[in-house]
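Here's the structure, in structure tokens; my notes come after.
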Amino acid sequence: MNTILRKSVLGVAGLAFAGGVFAGPAAAHAAPSVEPVAVAVAVQADKPSVDKAKLIPHGVQGAQSRIDLSDEQVDNVKAIIAATKKAGMDERAAVVSIATALQESKLENLGHLGDRNDHDSQGLFQQRPSSGWGTVEQITDPEYSTMAFLKGLKQVDGWQDMPLTEAAQTVQVSAYPDHYAQWEQMAADLVAEHWNS
């Protein structure tokens, strides 16, 4: 093959290669011709938030305590919130109720504790059958015991304007009246988390 013909063949091959390099990637990135398809996307709406100013209107008193909760304790939080709504009371009433149950039982639905029992106190709120709170079966039912506590709270004039520990103590008549205050922030956080769940 002569030199001129060889240069011509290599030149044509080079043009073909160069054209493939320049045209290839552009063609490779071109969108295929397809009809658009509508895609449904499910979006979960954010649950309405709780007005946190209503949860702790007077600010917390003293050092605050916090514990980790089991699934059972969280279920008891939800039961207290449901009973509060059923009673027609607001988020602040739920905060007072949950803080009280945190102090009394750490949100555990306690039965009779034998020698460690405080008289005949039982349930989330450590209510006593002998003091008229109800039967053992009733006071160990989270809804009933919460409704009983809230009934007592409703009878406290101005409970909404009282510090939490004073409102709780007026209902509970505890030997340790100031201990409820330490649970206010945790109770408020639990109400904020579960009120609209």
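The values are calculated or read from the model by the stated rules, or taken from the named source; none is laboratory data. Bear in mind the structure is a predicted one, so any value in this text is a computation, not a measurement. The protein model used for the area step is the full one, side chains on, heavy atoms only, and it has no ligands, DNA or RNA in it. Shrake-Rupley method; radii C 1.70, N 1.55, O 1.52, S 1.80 Å.
With no solvent and one equal point scatterer per Cα, compute the Debye intensity ratio I(q)/I(0) for segment 83-197 at 0.14, 0.18, 0.21 Å⁻¹ and report its log10, rounded to two decimals. These q points yield log10 I(q)/I(0) values of -0.51, -0.87, -1.19. For the listed residue pairs Lys78/Lys106; Lys106/Lys151; Lys54/Lys85, the alpha carbons are over 18 angstrom apart in Lys106/Lys151. Annotation: amide H-H contacts under 5 Å for Leu107 (H modelled 1.01 Å from N, sequence separation of 5 or more, or interchain): Leu102. In percent, rounded to a whole number, the relative contact order of segment 146-197 is 26, using alpha-carbon pairs under 8 Å and six or more apart. Once all protein chains are placed together, Glu137 keeps about 140 Å² accessible to a 1.4 angstrom probe.
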